[in-house]
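Engineer: What follows is a structure written as structure tokens; I'll ask about it next.
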Amino acid sequence: MATARFLVGGRVQGVFYRASTREQALALGLAGEARNLPDGRVEVVASGEPAALDALERWLWQGPPAAQVDEVRREALPPREFAGFRTG
């Protein structure tokens, strides 16, 4: 299992980005969380198979239809256990 933190910039708040990320992550078998940051970005921390994290990263560049993603930064984290995938 691997864990990664993604910081997503652009028009990603108020466009169902976190809820859509949750759906995508669960479909990929990932656990974790997504939350809005005060600076307008969304932070996503996810754990699971490395290939699933790669697929999530590709999806984060698109996001839901109303989003306009300008940046996705990825950082590897020590493995972390989550129960499901939450948004906050």
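Rule-based calculations on the coordinates, nothing more; no lab input. The structure presented is a predicted model; accordingly, all values stated were derived computationally and were not measured. Glycine also receives a Cβ, built like all others from the backbone with ideal geometry; neighbour counts cover every protein chain displayed.
Engineer: Would you please name the residue that is surrounded by the fewest Cβ atoms within 10 Å (Cβ to Cβ), looking only at residues in the range 22-42 that are among the hydrophobic types (A, V, I, L, M, F, W, C) and within 20 Å of Glu71 (Cβ to Cβ)? Talk me through it step by step, then tell me what you get.
Structural biologist: Here is the first cut: in the range 22-42, the residues among the hydrophobic types (A, V, I, L, M, F, W, C) are 25-28, 30-31, 34, 37, 42.
In the following step, the residues that additionally are within 20 Å of Glu71 (Cβ to Cβ) were identified as 25, 34, 37, 42.
On the way: Ala25: 27, Ala34: 24, Leu37: 13, Val42: 25.
My answer is Leu37.
Engineer: While we're on this one: Do we have any residue at all in the range 60-82 that's without any contact (Cβ under 8 Å) to a residue 40 or more places away in the chain and within 13 Å of the chain's Cα centre (by Cα)?
Structural biologist: yes
Engineer: Related question: I'd like the full set of residues that are small (Gly, Ala, Ser) and in a strand (DSSP E or B), limited to the range 24-42. Quick ask: steps written out before the conclusion?
Structural biologist: Pass one, the range 24-42, residues small (Gly, Ala, Ser): 25, 27, 29, 31-32, 34, 40.
Result: Ala31, Gly32, Ala34.
Engineer: Surrounded by fewer than 16 Cβ atoms within 10 Å (Cβ to Cβ) and either in a strand (DSSP E or B) or touching a helix residue (DSSP H, G or I) at 6+ places or on another chain (Cβ under 6 Å) (or both): is that true of Arg58 in this structure?
Structural biologist: Working: surrounded by fewer than 16 Cβ atoms within 10 Å (Cβ to Cβ): yes; either in a strand (DSSP E or B) or touching a helix residue (DSSP H, G or I) at 6+ places or on another chain (Cβ under 6 Å) (or both): no.
No.
Engineer: Going by the conditions given, is Ala19 of a type in the set (Gly, Ala, Ser) and farther than 17 Å from Ala66 by Cα?
Structural biologist: Working: of a type in the set (Gly, Ala, Ser): yes; farther than 17 Å from Ala66 by Cα: no.
Judged against the criteria, Ala19 is not a match.
Engineer: Considering (1) outside any strand (DSSP E or B); (2) surrounded by 15 or more Cβ atoms within 10 Å (Cβ to Cβ), say which one Ala4 fails and leave the rest.
Structural biologist: (1)
Engineer: Here is a further query. Evaluate the range 43-50: report whether one residue or more is part of a strand (DSSP E or B), of a type in the set (Gly, Ala, Ser), crowded, with 19+ Cβ neighbours inside 10 Å and in contact with a Leu (Cβ under 6 Å, 6 or more places away or on another chain). Don't jump to the end; show me each part of the working.
Structural biologist: Taking the range 43-50 as the starting set, the residues that turn out to be part of a strand (DSSP E or B) are 43-48.
Then keep just the ones that are of a type in the set (Gly, Ala, Ser); that gives 46-48.
In the following step, the residues that additionally are crowded, with 19+ Cβ neighbours inside 10 Å were identified as 46-48.
Filter once more, keeping what is in contact with a Leu (Cβ under 6 Å, 6 or more places away or on another chain): 46, 48.
Yes; the residues of the range 43-50 include at least one that is part of a strand (DSSP E or B), of a type in the set (Gly, Ala, Ser), crowded, with 19+ Cβ neighbours inside 10 Å and in contact with a Leu (Cβ under 6 Å, 6 or more places away or on another chain).
Engineer: Something else about it: Condition test on Thr21, is it touching a Pro at 6+ places or on another chain (Cβ under 9 Å), in contact (Cβ under 8 Å) with a residue 12 or more places away in the chain and in a strand (DSSP E or B)? Spell out how you get there, then give the answer.
Structural biologist: On the way: touching a Pro at 6+ places or on another chain (Cβ under 9 Å): yes; in contact (Cβ under 8 Å) with a residue 12 or more places away in the chain: yes; in a strand (DSSP E or B): no.
Against the criterion (touching a Pro at 6+ places or on another chain (Cβ under 9 Å), in contact (Cβ under 8 Å) with a residue 12 or more places away in the chain and in a strand (DSSP E or B)), Thr21 does not qualify.
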